[in-house]
Amino acid sequence: MVHAFADDALGHLDAVGVVEALSAGRVSRVEVIEAAIARTEAVNPALNGLAYQAFDQARAEAAAPPKPGFFSGVPTFVKDNVDVAAMPTMRGTDAWPPRPAPADGEFTQMYLGTGMTPLGKTRMSEYGFSASAEHPRLGAVRNPWNPDHTAGASSSGSAAFVAAGIVPIAHANDGGGSIRIPASCNGLVGLKPSRGRLPLDKEVRQMPIRIVANGMVSRSVRDTAAFYREAERIWPAAKLRPIGDVQHPGRQRLRIAVITHSLLRESSPEVRELTLKSAALLEELGHHVDHLEKPPVPTSFVSDFVLYWGLLALGQIQQNKRTCDGFDVTRLDNLSRGLDRHARRNLHKLPLALIRLSRTRRYTQRLARTYDIVLTPTLADQPPQIGYLDPMADYDQIIDRLQEWVAFTPLQNVTGEPAISLPLGMSAAGLPVGMMFTAPMGHEARLLELAYELEDARPWARIDAAV
């Protein structure tokens with residue numbers, strides 16, 4: 001295990017705990033930021049989660065008058081695919097020279113509007129396409145529970161840093177599971193919100209199907225709930241049911257469907273058993289649980305999603321050719337180039353694939369007439385070792401392995417529905433295994449209430465307690 005928890009200004013506090021300590025005067029903002037910087041320097045060599053460091057800027061901000069916002073003075077990191085003023089945005093690649101962004105993007109304005117202080121940007125898989133960040137030249141982001149294993153992706157650096165205690169909260173976003181996957185791998189709470197809940201930068205808003213959602217990862221349910229409460233105050237989503245200030249478990253007993261078999265395969269025996277144990281806990285808590293055979297969507301969903309993923313790769317590469325001076329396509333990994341090639345070869349299939357994907361929510365809406373929540377494992381197996389998802393391997397091998405492991409999370413990106421990964425399981429090898437709970441559009445509050453209840457009933461393992 002690798003972690004940075006220490007007897008310093010951050011201690012073992014979550015983000016709300018840091019706010020309380022700052023408000024009570026037990027620690028200063030300068031002390032908190034210095035502790036986070038020292039922790040980053042101590043464990044980043046082992047985890048490789050840092051894409052860009054902005055320590056001097058963070059120190060200057062800590063020494064200045066406090067910013068407004070509930071999380072004022074709390075250290076954080078921003079994932080390297082949204083613009084932060086004066087920091088480069090590399091999207092997990094080194095295919096062009098780094099250049100500082102001229103201004104904060106729309107999401108960054110909201111995120112930092114909560115008062116948090118960014119220490120820099122975190123590493124991700126190239127363009128966010130892989131579920132493991134293992135760049136051929138930038139290196140792999142490693143799991144703090146066992147550095148021989150992946151930290152998940154694409155928000156790998158953020159999740160590894162939060163799990164290791166460097167910061168209590170960090171930005172993540174999710175276009176196929178990239179909040180929930182690293183949350184599962186690192187033993188964190190990871191909520192992908194409903195489509196439209198948080199702002200997106202212009203480039204992402206222009207997608208034919210807006211599968212990407214911004215969010216964050218944390219170690220506690222209360223941090224996640226507090227973040228969405230504060231985000232809603234800054235950027236209310238007019239077309240969605242408000243989340244509000246969720247602080248406790250809900251009283252309503254829920255109708256819950258449990259699915260352990262994806263469209264392609266059954267979960268590994270160990271993950272299936274852990275999912276059924278979570279279902280049994282829900283029954284003990286008084287919820288009604290039914291077991292369903294498979295997700296209620298056509299099997300064509302898998303190939304349609306991969307083709308859409310390829311369309312995004314094609315568009316991203318073409319845009320970089322036009323806008324990035326010095327862009328070198330030969331420096332991209334085999335997965336990015338393979339997805340681009342897959343889309344070019346199958347452009348004639350895209351119109352029908354997009355139609356089918358856009359209709360997917362019809363199937364999940366029918367299920368929501370019977371069930372309040374759907375429980376699945378977040379991933380079909382425990383985090384694999386570094387190298388299993390090597391992005392320089394043969395494209396067909398990479399995509400087959402990705403489809404089998406990332407078997408449950410892409411559905412909610414297409415439907416736009418919210419889903420949360422909770423670290424309710426632990427593999428025999430000592431690696432976290434997340435359980436995913438999905439709710440109908442706009443029902444993040446229901447997910448948070450259930451998350452509080454499960455956190456109370458089965459507190460999850462943490463690195464600082466496991467050592």
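Applying 1/(1 + (r/R0)^6) with r as the Cβ-Cβ distance of Arg26 and Lys67 and R0 = 22 angstrom yields a FRET efficiency of 0.65. With R₀ fixed at 56 Å, the C-beta to C-beta distance from Arg366 to Ala86 puts the FRET efficiency at about 0.70.
Estimated from helices alone, the mean residue ellipticity of the chain at 222 nm is -11500 deg cm²/dmol (sum of -39500 (n - 2.57) over DSSP H runs with n ≥ 4, per residue).
Find which of Leu352, Pro432, Ile317 sits farthest along the positive direction of the dipole of region 308-467, computed with +1 on the beta-carbon of Lys and Arg, -1 on that of Asp and Glu, about the Cα centre. Among Leu352, Pro432, Ile317, the one farthest towards the positive end of the dipole of region 308-467 is Leu352.
When +1 charges are put on Lys and Arg Cβ atoms and -1 charges on Asp and Glu Cβ atoms, the dipole computed for the chain relative to its Cα centre reaches about 1620 debye. Projected label points at Ala6 and Lys294, each 7 Å from Cα along the beta carbon direction, are separated by 5.3 nanometres.
For region 335-420, the list of trypsin sites (Lys or Arg not before Pro) that fall in a loop by DSSP and count at most 13 other C-beta atoms within 10 angstrom reads Arg359, Arg369.
Ligands, DNA and RNA aside, Trp145 has an accessible area near 20 Å² when probed at 1.4 Å. Take the convex hull of the alpha carbons in the chain; its mean projected area over all directions comes to 19.7 nm². Computing FRET efficiency as 1/(1 + (r/R0)^6) for Gln319 and Trp235, where r is the C-beta to C-beta distance and R0 is 25 Å, gives about 0.45. Summary value for the chain: 18 percent relative contact order, contacts being C-alpha pairs under 8 angstrom separated by 6+ residues.
Using the Cα centre of region 226-357 as the reference point, and only Cβ charges (+1 on K/R, -1 on D/E), how large is the resulting charge dipole? Debye, rounded to the nearest 20. Computed about the Cα centre, the dipole is about 560 debye.
Note on region 161-292: antiparallel DSSP beta bridges, both residues inside, total approximately 70 percent of the bridges counted. In terms of accessible area, using a 1.4 Å probe and ignoring ligands and nucleic acids, Phe327, Phe227 rank largest first as Phe327, Phe227. Taking 0.36 nm per residue of sequence separation and removing the Cα-Cα distance, the Ala101/Glu283 pair yields an extension gain of 60.5 nm. Within the full protein context, the accessible area of Thr364 is estimated at about 20 Å² for a probe radius of 1.4 Å. Taking the Cα centroid of region 316-389 and of region 436-454, what is the distance between the two, rounded to the nearest whole Å? So the separation of the two Cα centres works out to 25 Å.
Three principal axis extents describe the C-alpha atoms of region 95-147; from largest down they are 34, 31, 19 Å. Going by a ≥ b ≥ c, the root eigenvalues of the Cα gyration tensor, does region 187-305 fall in the rounded group (a/c under 1.5), the prolate group (a/b larger than b/c) or the oblate group? Taking the square roots of the gyration eigenvalues as a ≥ b ≥ c, region 187-305 is oblate. For region 31-86 versus region 242-313, the inter-centroid distance based on Cα atoms is 34 Å.
If the chain linking Glu266 and Asp394 were pulled fully straight, counting 0.36 nm for each residue of separation and taking away their Cα-Cα distance, it would gain 43.6 nm. Among 286-292, 371-377, sorting by the average number of other beta carbon atoms lying within 10 angstrom of each residue, highest first, gives 371-377, 286-292. Counting only heavy atoms of the protein chains and using a 1.4 Å probe, Ser130 has close to 10 Å² of accessible surface. As a quick test, which of the pairs Lys294/Lys349; Lys79/Lys349; Lys202/Lys239; Lys192/Lys321 have an alpha carbon distance above 22 angstrom in this structure? Listed pairs above 22 Å: Lys294/Lys349; Lys79/Lys349; Lys192/Lys321. Rounded, prolate or oblate: pick one for region 1-142, where a ≥ b ≥ c are the square roots of the eigenvalues of its C-alpha gyration tensor, a/c under 1.5 means rounded, and failing that, prolate if a/b is larger than b/c, else oblate. Oblate is the answer for region 1-142, as a/c is 1.5 or above yet b/c matches or exceeds a/b. Please report the carbon-and-sulfur percent of the accessible area for the chain; probe 1.4 Å, protein heavy atoms only, DNA, RNA and ligands left out. About 50 percent, which is the carbon plus sulfur part of the accessible surface.
Think of region 346-467 as having a plus end and a minus end, set by charges on the Cβ of Lys, Arg, Asp and Glu; of Tyr395, Trp460, Gly416, Gly416 sits farthest toward the positive end of this dipole.
Oblate is the label for region 352-445, because the ratio a/c of its alpha-carbon gyration tensor axes (a ≥ b ≥ c) is 1.5 or higher and a/b is not greater than b/c. Just to be sure I understand: of the beta bridges DSSP finds with both ends in the chain, what percent are antiparallel, rounded to 5? Antiparallel: roughly 70 percent of the beta bridges in the chain. Solvent exposure of the chain, expressed per residue, is 37 Å² of accessible area, with all protein chains present and a 1.4 angstrom probe.
The values are calculated or read from the model by the stated rules, or taken from the named source; none is laboratory data. Please read all numbers here as calculations on a predicted model, not as lab measurements. When we count neighbours, we look across all protein chains shown, and the Cβ atoms used for this are built from the backbone with ideal geometry, even at glycine. To get the accessible areas, we keep the full protein, side chains included, count just its heavy atoms, and leave off ligands, DNA and RNA. Shrake-Rupley method; radii C 1.70, N 1.55, O 1.52, S 1.80 Å.
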